[in-house]
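Below is one structure, written out as structure tokens, with a few remarks after it.
The values are calculated or read from the model by the stated rules, or taken from the named source; none is laboratory data. All figures in this text were calculated on a predicted structure; none of them were measured in a lab. Every residue, glycine as well, gets a Cβ built from its backbone with ideal geometry; the counts of neighbours run over all protein chains shown.
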Protein chains: 2
Amino acid sequence: MSNPRPIGVFDSGIGGLTVVKALRDRLPNETILYLGDTARVPYGSKSPETVQRYALELAQMLVQKNAKAMVVACNTVSSIALPLLTRKFSVPVIGVIEPGARAALEATRNRHVGVIGTRATIRSGAYEKALRSTDNNVLVSSRACPLLVPLIEEGLLDDDVTDRVIVRYLEPLLSEGIDTLVLGCTHYPLLSVAIGRALGGEITLVDSAQNCATAVQEILDRQSLRSPATQHGELHVALTDAADNFLNVARDALQLSFGEIELQALP
Amino acid sequence: MSNPRPIGVFDSGIGGLTVVKALRDRLPNETILYLGDTARVPYGSKSPETVQRYALELAQMLVQKNAKAMVVACNTVSSIALPLLTRKFSVPVIGVIEPGARAALEATRNRHVGVIGTRATIRSGAYEKALRSTDNNVLVSSRACPLLVPLIEEGLLDDDVTDRVIVRYLEPLLSEGIDTLVLGCTHYPLLSVAIGRALGGEITLVDSAQNCATAVQEILDRQSLRSPATQHGELHVALTDAADNFLNVARDALQLSFGEIELQALP
């Protein structure tokens, strides 16, 4: 087949490229269509109804482009709209919450897991539900960290201001006694070095991008949807508005390569 | 007249309430309709085409509500869409750039003005153009400060992290020799104490909200559009998405009072 079906990946903006990076590393034969809703980013402070409406629009665009699977590379959307998307579309839909929760339960020794994310993700309680549905005895401490995304988008990945903000957000979780921390926002892997520095060596970091890529691989294998090993996977990036500086920050930090950005009109 | 026409005020989100505060203080007899596009905030990192499209939609809604004048309480929109709005609508349209630029030229002694704002505002060069169109010899040093809005929206109005970020943004402007600084974003008056602290007493701060309110008063007077002095002006707030925490931050810091928030559907 000369034009195998791509994996569709969408996010509220550019942050989901951390998931794309994990997918590229793990599934180099797959072609990926990335769709970032930069015209309406960020979703983290928007209402559930609005996030669901936007998610349906983006998913519809990817299905129209013949995506064989859909990856919701955004914790906010995963936490709010995954059941809706799964109901509406026949292709497999993979979010970042379930895989992250599963990995956290495998990592924790003291059954006390921390979760950080945007306001919308934390307010949704999605990680808490996902963690508890597997292990009813797990203790979850969660915290919204609204400043981390802007700091990342400013490119302050290795900076004392960012370090101070991280320490301020994480101190309460540490004193509550977590031994594992879920990075519940697809931007956050870009801060994993700084967060690791703030946490010391005692705490296990769970990167939802990595665990999402593992879940995608499992589902493609189970449904015999993998592209042939001879195929060279490509990466296409479409955005709903012109890219700003953060695209360069993410591309450089993740060492991703892609061609010209397509501008995708919203309905 | 039992139902005099209101002044329509719009912004990408909640920040424009600083302009509302200045209008309420100065024009207590006027009823104000505030429309904040919280479903698509922030505009500061979006493209000019997208900002223009959003601005037209919001302005149209206010005109449908019979606004007698339109205040663009957003530097990003003022810097990008004001000529378009002025062309499209017959009611007077007042932005924040011209009044701020005028006040800065009155304040500066050494003819060297600093301007801070969002990326979109600074990239547009709108303050520079407005300043130079009056005084071709004025020197302008400008700087985008993308972290200030998220810090304000987190409520960190009096905080050492915010102070450090402010100092980092302002130091280059100070060493270039400005004697006047325009707060070119409607959020920034909420940080005027912190910014004043960082600047010391030598630099004059120009608050675009205050100067915009003065300009509105002048235009209403000139066009005989003022409400009768017997009228008790009301404030109505409509948002395109549910309000988040920042509404409380702004309401408390500005000591504004308004009733229930109306949810305004987008077209």
From the options B:220, B:239, residue that is within 14 Å of chain A (Cβ to nearest Cβ), modelled with pLDDT of 95 or more and surrounded by 15 or more Cβ atoms within 10 Å (Cβ to Cβ): B:239
Of all the residues that make up region A:14-37, how many are of a type in the set (S, T, N, Q) and either free of Cβ contacts under 8 Å to residues at least 12 places away in the same chain or in contact with a Phe, Trp or Tyr (Cβ under 9 Å, 6 or more places away or on another chain) (or both)? 1
If you scan region A:106-126, which residues turn out to be closer than 21 Å to residue A:49 by Cβ and assigned to a helix (DSSP H, G or I)? A:119, A:120, A:121, A:122, A:123, A:124, A:126
Select the strands (runs of 3 or more DSSP E) contained entirely in region A:1-98, then report the ones holding at least 1 residues which are within 14 Å of chain B (Cβ to nearest Cβ). A:32-36
Restricting attention to region B:132-156, which residues are of a type in the set (A, V, I, L, M) and under 19 Å from residue B:77 (Cβ atoms)? B:144, B:148, B:149, B:152
Residues of region A:221-248 being under 17 Å from the mean Cα position of the chain (by Cα) and in a helix (DSSP H, G or I), which ones? A:246, A:247
Keeping to region B:115-133, report how many residues are away from chain A (no Cβ under 14 Å) and under 21 Å from residue B:175 (Cβ atoms). 6
Is it the case that some residue within region A:250-260 is over 17 Å from the mean Cα position of the chain (by Cα) and surrounded by 15 or more Cβ atoms within 10 Å (Cβ to Cβ)? yes
What is the one condition in (1) in contact (Cβ under 8 Å) with a residue 40 or more places away in the chain; (2) in contact with a helix residue (DSSP H, G or I) (Cβ under 9 Å, 6 or more places away or on another chain); (3) within 14 Å of chain B (Cβ to nearest Cβ); (4) farther than 27 Å from residue A:127 by Cα that residue A:233 does not satisfy? (3)
So, in region A:123-169, how many residues would count as being over 27 Å from residue B:151 (Cα atoms), out of contact with any strand residue (DSSP E or B) (no Cβ under 7 Å at 6 or more places or on another chain) and not basic (Lys, Arg)? 6
Scanning region B:178-220 for residues that are assigned to a loop (DSSP other than H, G, I, E, B) and either polar (S, T, N, Q) or within 15 Å of the chain's Cα centre (by Cα) (or both) gives B:184, B:185, B:186, B:187
Breaking point among (1) surrounded by fewer than 24 Cβ atoms within 10 Å (Cβ to Cβ); (2) at negative phi; (3) in contact (Cβ under 8 Å) with a residue 24 or more places away in the chain, for residue B:74: (1)
Among (1) away from every other protein chain (no Cβ under 14 Å); (2) of a type outside the set (A, V, I, L, M, F, W, C); (3) on the phi > 0 side of the Ramachandran plot; (4) in contact (Cβ under 8 Å) with a residue 12 or more places away in the chain, which single condition is residue B:200 missing? (4)
Among (1) among the polar types (S, T, N, Q); (2) touching a residue at least 24 places away in the same chain (Cβ under 8 Å); (3) farther than 13 Å from residue B:148 by Cβ - the single one residue B:186 does not satisfy: (3)
Sort through A:207, A:179 and tell me the only one that's closer than 29 Å to residue A:33 by Cβ and of a type in the set (Asp, Glu). A:207
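Residues checked against (1) surrounded by fewer than 17 Cβ atoms within 10 Å (Cβ to Cβ); (2) under 20 Å from residue A:12 (Cβ atoms); (3) not aliphatic (A, V, I, L, M):
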{"site": "A:86", "(1), (2), (3)": "yes, yes, yes"}
{"site": "A:90", "(1), (2), (3)": "yes, no, yes"}
{"site": "A:103", "(1), (2), (3)": "no, no, no"}
{"site": "A:106", "(1), (2), (3)": "yes, no, yes"}
{"site": "A:110", "(1), (2), (3)": "yes, no, yes"}
{"site": "A:122", "(1), (2), (3)": "no, yes, no"}
{"site": "A:129", "(1), (2), (3)": "yes, no, yes"}
{"site": "A:132", "(1), (2), (3)": "yes, no, yes"}
So in region B:1-21, with the set limited to residues that are in contact with a strand residue (DSSP E or B) (Cβ under 8 Å, 6 or more places away or on another chain), buried (at least 24 other Cβ atoms within 10 Å of the Cβ) and not β-branched (Val, Ile, Thr), which one is farthest from residue B:235 (Cα to Cα)? B:12
Test: residue A:165 is among the hydrophobic types (A, V, I, L, M, F, W, C), within 14 Å of chain B (Cβ to nearest Cβ), without any contact (Cβ under 8 Å) to a residue 60 or more places away in the chain and farther than 18 Å from residue A:212 by Cβ: yes
Could you list all residues from region A:134-159 that are at the interface with chain B (Cβ under 9 Å from one of its Cβ atoms) and either modelled with pLDDT of 95 or more or not in a helix (DSSP H, G or I) (or both)? A:146, A:147, A:151, A:154, A:156
